[in-house]
Structure formats: C-alpha cells, structure tokens
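The values are calculated or read from the model by the stated rules, or taken from the named source; none is laboratory data. Computed from a prediction, not measured in an experiment: that's the story for all the values here. Counting neighbours? That spans all protein chains shown, and the Cβs are built from the backbone with ideal geometry, glycine included. The area values use the complete protein model at the heavy-atom level, side chains included, leaving out ligands, DNA and RNA. Shrake-Rupley method; radii C 1.70, N 1.55, O 1.52, S 1.80 Å.
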Amino acid sequence: MKLIEVLTSLKLNHVTNVQGTRIAARRPRAYSSTNDPGCKECVFQKERGAIDCALRDSCMAHKRPDKKSVIFKIVNNVKK
C-alpha cells in the first residue's frame, strides 16, 4: 500500500507505523493569523504549505473518506 493511501485511510487520533516511525492523525490547531498554514505542525510540512506537499491529498477534508482535516505528528518513538 502506498504511503498516501495509508495516511488517507488513517482515522483521526489513530496511529500507524511508517518505516519504523509511529505517526498519528491529529486535528489541526486554529491559528489567529491567516498567513499561517493549517499544516504548520505536520511532520510532512513544506516551506510553502500544502502547495508544495505531495501528501496533501491525505490530509484535506474534501479528499479524505472521513471528511476531516488532519495533520500528521510523530508519537512515542523509542530508539532501540
């Protein structure tokens, strides 16, 4: 399964393992400035936001099956 398919199907607050890294889908924070991208804290964030992100189809509500916007965060990784 491709990374974009895994991330698109990941439900809000659920965790998946991507190449040894645990990634969770979280609700994006609301920012007071319209200049801040909604993906500001996403692990896949690009300098210009969603315009430059190849994975943008996996986080935008209108592209996801659950119709919820998410950002992806790294959670509880333990080095062995």
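Residues in segment 60-79 that are over 9 Å from the mean Cα position of the chain (by Cα), at pLDDT 90 or above and either farther than 15 Å from CYS42 by Cβ or charged (D, E, K, R) (or both): how many?
Here the count works out to 7.
Which condition does MET1 not pass, out of (1) surrounded by 13 or more Cβ atoms within 10 Å (Cβ to Cβ); (2) aliphatic (A, V, I, L, M); (3) modelled with pLDDT under 85; (4) part of a loop (DSSP other than H, G, I, E, B), if it passes all the others?
Unmet condition: (1).
In this structure, does ARG27 turn out to be in contact with a strand residue (DSSP E or B) (Cβ under 6 Å, 6 or more places away or on another chain), surrounded by fewer than 16 Cβ atoms within 10 Å (Cβ to Cβ) and either on the phi < 0 side of the Ramachandran plot or modelled with pLDDT of 90 or more (or both)?
no
Condition (residue is outside any strand (DSSP E or B) and at pLDDT 90 or above) applied to segment 45-52: is it met by at least one residue?
Looking through segment 45-52, none of the residues is outside any strand (DSSP E or B) and at pLDDT 90 or above.
State yes or no: is ASP57 assigned to a helix (DSSP H, G or I), out of contact with any His (no Cβ under 6 Å at 6 or more places or on another chain), at pLDDT below 95 and surrounded by 11 or more Cβ atoms within 10 Å (Cβ to Cβ)?
Here the answer is yes, as ASP57 does meet what is asked.
Exactly one condition in (1) open to solvent by 60 Å² or more (accessible area, probe 1.4 Å); (2) farther than 15 Å from GLU5 by Cα; (3) modelled with pLDDT under 90 is false for ARG22; which is it?
(3)
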